[in-house]
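First up is the structure itself, then whatever we jot down about it.
The values are calculated or read from the model by the stated rules, or taken from the named source; none is laboratory data. Fair warning: this is a prediction, and the values are worked out from it, not measured in the lab. Quick reminder, even Gly has a Cβ in these numbers, built from the backbone with ideal geometry, and neighbours come from all protein chains shown.
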Amino acid sequence: MASWIEKQRSIMDFTVSSLLRRKGKNIALLLVYALVVFLLGSALFFTQAMKREAALILQDAPEMVVQRLQGGRYDPIPVAYAEKISNIRGVISAGPRLWGYYFDSHVGANYTIMVPPANPPSRGRIIIGNGIARSRSVARRHIMSLRGYDGLIRNYTVAGTIPSASELVSADLVLIAEADYRELFQFPAALATDIAVAVRNQRELPTIAHKVVAMLPDTRPIIREEMVRTYNAVFDWRGGMVMVLLIAALAAFVIFAWDKASGLSAEEKREIGILKAIGWETSDIITIKTYEGLFVSFFSFSGGLLAAYLHVFFGSAFLFAPALKGWSTLYPDFRITPFVDPYQVAILFCLTVVPYTVATIVPSWRAAIVDPDAVMRS
Amino acid sequence: MIRRDCGKKRGAARFPVRKSTLCLLLLGISVLLIGLMFAHARVQRQAAGPALALIAATVRDLGLTDLALFMEARYTRHLSQADLHSAFQDHPTALEHFPTGAIAGPPGRLRRQNGQLD
């Protein structure tokens, strides 16, 4: 056993020396490889964390939201519908929600104006999200002007800001009194934006949703599970940005592994020939190449993975932010909670380290089984 | 034998430690760092509990349905509340033009409905 370990150590010594002889090439290889792992790892960490965070945050979202559709689009819903829905067996409450969008031409941003279901601000006062406070440079007791749908400009006193910790859901929110909301948007008193429904038993949600549609055919119920599933789909590996990143990174990796698998350099072939000529066995040469592939791929994998972790959880995925922001001028300032799934890291390991190592061994084996003289002369 | 001794001496002069030892040490450090990454994630997750609870409480108190992540268009701001036609609000065959549309597709529920309509 001791002699076997010593043999492996000696082979490792030789492998490291061999890697150091081609320092420049191997460092470049390591960096490119690490970059591929970094991209894949960042996408993986970001999507996984956002998916888990969305599920945790939205677990207290309304159990069901009922919208009214007209011509395929959602339209304000009569408040009287809430009364009808609350009469369905199993429904605890059905409350109208009032919320809408306001485009602020000063900063070119969209706000979500909302009447909170409990403790709304008094008339003439608003509570704003931190994103708005930042972009408009307003604070408590400042005046904010909003242009109403009747063309009049109304001033509201900022009564406070929503805690910055919840910016991920409230960056663009403006909480307002019901009377102010209806006045600003010229919203009729008999209508609401949609209806939030609370039920006694979660398992009855689909049945109650069917009953709502049967009773009010112009409505569309959206249950909480569907809200969470929406974010699962957005941050799924098959979805938009992740797919683009995945394809780009995998294409780079395939080119990279292909280059490795398609053959050895003349220098590497000569080295194998010399080793064979001085008495090394084919198995020893394959062991060297296996170690070489393992060292390069493992160091690249760990470097790329750790850099991805730092990028997503310490740098708030700053490289992805421009893609997420799009044209919006408001963006929440939030720190992503690190949800790291060992299973996904294992998949990333198998997708990157294993193919590269195999791609390194195959051409070496092909060179090692040829006559040393022929290899050295080729 | 002679060759081995020479090799040792030469190696000893340039590297006081064997290269394999250094390499294994680096491998060990890498594994340790990955282990620390998992440990850090776990600790951070526990530490973030109250902050996540606060966000969940905001969602519960205000009756919110979506994350404020994609705020450029109304149908991406409230993704779960979007309707079939909101991406084509300009005219019936308008192409989706907000960059977010490339990242955040419509909810699966809507895609299923669209399949039936087509």
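Just one of the listed residues (A:354, A:345) is among the β-branched types (Val, Ile, Thr), at pLDDT 90 or above and out of contact with any helix residue (DSSP H, G or I) (no Cβ under 6 Å at 6 or more places or on another chain), and it is A:345. Determine whether region A:157-172 contains at least one residue that is under 30 Å from residue A:218 (Cβ atoms), surrounded by 15 or more Cβ atoms within 10 Å (Cβ to Cβ), of a type outside the set (Lys, Arg) and out of contact with any Gly (no Cβ under 8 Å at 6 or more places or on another chain). Yes, some residue in region A:157-172 is under 30 Å from residue A:218 (Cβ atoms), surrounded by 15 or more Cβ atoms within 10 Å (Cβ to Cβ), of a type outside the set (Lys, Arg) and out of contact with any Gly (no Cβ under 8 Å at 6 or more places or on another chain). When residue B:60 is tested against (1) surrounded by fewer than 23 Cβ atoms within 10 Å (Cβ to Cβ); (2) at the interface with chain A (Cβ under 7 Å from one of its Cβ atoms); (3) under 19 Å from the mean Cα position of the chain (by Cα), only condition (3) is not met. Which of the residues that make up region A:190-232 are among the hydrophobic types (A, V, I, L, M, F, W, C) and free of Cβ contacts under 8 Å to residues at least 40 places away in the same chain? Result: A:213, A:214.
Matching residues to (1) among the charged types (D, E, K, R); (2) outside any helix (DSSP H, G or I); (3) in the same structural domain as residue A:176 (by TED's automatic domain parsing):
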residue: A:52; (1), (2), (3): yes, no, no
residue: A:65; (1), (2), (3): no, yes, no
residue: A:85; (1), (2), (3): no, no, yes
residue: A:88; (1), (2), (3): no, yes, yes
residue: A:102; (1), (2), (3): no, yes, yes
residue: A:114; (1), (2), (3): no, yes, yes
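Among the listed residues A:194, A:218, identify the single one that is touching a Lys or Arg at 6+ places or on another chain (Cβ under 6 Å), among the charged types (D, E, K, R) and farther than 25 Å from residue A:54 by Cβ.
So the residue among A:194, A:218 that is touching a Lys or Arg at 6+ places or on another chain (Cβ under 6 Å), among the charged types (D, E, K, R) and farther than 25 Å from residue A:54 by Cβ is A:218.
Residues that are small (Gly, Ala, Ser), away from chain B (no Cβ under 13 Å) and out of contact with any Pro (no Cβ under 8 Å at 6 or more places or on another chain) within region A:123-159 comprise A:124, A:133, A:137, A:139, A:145, A:148, A:151, listed in sequence order.
Of A:359, A:367, all but one fail to be at pLDDT below 80, outside the structural domain of residue A:108 (by TED's automatic domain parsing) and either more than 20 Å from the chain's Cα centre (by Cα) or assigned to a helix (DSSP H, G or I) (or both); the exception is A:367. Of the residues A:70, A:59, the single one that is within 12 Å of chain B (Cβ to nearest Cβ), farther than 30 Å from residue A:236 by Cβ and not acidic (Asp, Glu) is A:70.
Apart from one condition, residue A:129 fits all of (1) in contact (Cβ under 8 Å) with a residue 12 or more places away in the chain; (2) under 17 Å from residue B:81 (Cα atoms); the exception is (2). Exactly one residue among A:245, A:250 is part of a helix (DSSP H, G or I), at pLDDT below 75 and not small (Gly, Ala, Ser), and that residue is A:245.
Here's the yes/no breakdown for (1) acidic (Asp, Glu); (2) within 27 Å of residue A:101 (Cα to Cα); (3) more than 10 Å from chain B (Cβ to nearest Cβ); (4) surrounded by fewer than 19 Cβ atoms within 10 Å (Cβ to Cβ):
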site: A:292; (1), (2), (3), (4): yes, no, yes, no
site: A:295; (1), (2), (3), (4): no, no, no, no
site: A:304; (1), (2), (3), (4): no, no, yes, no
site: A:312; (1), (2), (3), (4): no, no, yes, no
site: A:322; (1), (2), (3), (4): no, yes, no, yes
site: A:343; (1), (2), (3), (4): no, no, yes, yes
site: A:346; (1), (2), (3), (4): no, no, yes, yes
site: A:351; (1), (2), (3), (4): no, no, yes, yes
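Scan region A:14-30 for residues that are surrounded by fewer than 15 Cβ atoms within 10 Å (Cβ to Cβ) and either polar (S, T, N, Q) or touching a helix residue (DSSP H, G or I) at 6+ places or on another chain (Cβ under 7 Å) (or both) and jot them down. Residue satisfying the conditions is A:17 alone. State yes or no: is residue A:365 more than 16 Å from residue A:38 (Cα to Cα), free of Cβ contacts under 8 Å to residues at least 60 places away in the same chain and surrounded by fewer than 18 Cβ atoms within 10 Å (Cβ to Cβ)? When the stated conditions are applied, residue A:365 does not pass them.
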